[in-house]
Amino acid sequence: MKSVNEMIDDILRREGGFVDHPADRGGPTRYGITRATLSAYLGREAQYAEVKNLEREVARQIYQRNYFYQPQIDQLPPAIQPFIFDCAVNHGPGRAIKFVQDVCNRAGYKPALSVDGTMGPDTRKGAEWAQGQLGESFLRALLEERLNFYRRIVERDPSQDVFLAGWTNRVNEFDEDMV
């Protein structure tokens, strides 16, 4: 089981340094932290230069608080925590938890979970059930769910196709970790 700090190290490696790609709807980022995310953390509008010069330790604090503990990713089965944490960073915590809820429902968890993107006791129980029933197949189903999500983004907005190979590689990294 990876520690939260090890997971954050992996996320920082995947996200890289400063990026300001014109097709990125999130705008400029450093370590994957957008201007909007930094603004929320600071409690005021962050300046472009503040994003560009963001300290690694601040990014770590944001990830730990806003993307791991607040959305209760730490309450999920350890086998899927690194992946769902990465999903939370890339898509927002609500979308990451919806991936879990959708996969649990498709796997036959009863009563069906409300796909609301919030981590409650039912979602925790559903994830534990799915992990017990499906084992590694639970993570594989989550990987496929995320790949399909990326494909739908590109279908809706072809300008995002420039990112599809990188997104796919990001997902495949988790599949390779299972081998």
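No lab work stands behind these numbers, since they all come straight from the coordinates. Every value quoted in this text rests on a predicted model; they were computed, and no experiment measured them. Here Cβ is always computed from backbone atoms with ideal geometry, including for glycine, and neighbour counts include all displayed protein chains.
Which one of PRO93, PRO82, PRO22 has the biggest mean-square fluctuation once the chain is modelled by GNM with Cα springs under 10 Å?
Of PRO93, PRO82, PRO22, the Gaussian network model singles out PRO22 as fluctuating most.
How much length is gained on full extension from GLU144 to ARG65, taking 0.36 nm per residue of separation minus their Cα-Cα distance? Before the final figure, lay out the partial values.
Details: separation 79, 0.36 × 79 = 28.44 nm, distance 2.70 nm.
Roughly 25.7 nm would be gained on extension.
Tell me, HIS21, HIS91 in order of fewest to most beta-carbon neighbours within 10 Å?
Working: HIS21 12, HIS91 16.
Fewest-to-most ranking of HIS21, HIS91: HIS21, HIS91.
For ALA107 and GLU128, calculate 0.36 nm times their separation in residues minus their Cα-Cα distance, and state this gained length in nm to one decimal.
6.3 nm
Based on the Cα gyration tensor of the chain, what are the three equivalent ellipsoid semi-axes, each the root of five times an eigenvalue, rounded to whole Å and given largest first? Numbers along the way, then the final one.
Working: eigenvalues 152, 67, 46 Å².
Taking √(5λ) for each Cα gyration eigenvalue gives 28, 18, 15 Å.
In percent, how large is the relative contact order of the chain, given Cα pairs closer than 8 Å and 6 or more residues apart? Don't skip to the answer; put the middle values down first.
Working: 179 pairs, mean separation 26.3, N = 179.
It comes to 15 percent, rounded to a whole number.
By what distance, in whole Å, do the Cα atoms of region 1-70 stretch along each of the three principal axes, largest value first?
The Cα atoms of region 1-70 stretch 37, 25, 19 Å along the principal axes, largest first.
Using the number of other C-beta atoms within 10 angstrom as an exposure proxy, rank ILE80, ILE153, ILE97 with the fewest first. The partial results should precede the final answer.
Numbers: ILE80 21, ILE153 17, ILE97 26.
Lowest count first: ILE153, ILE80, ILE97.
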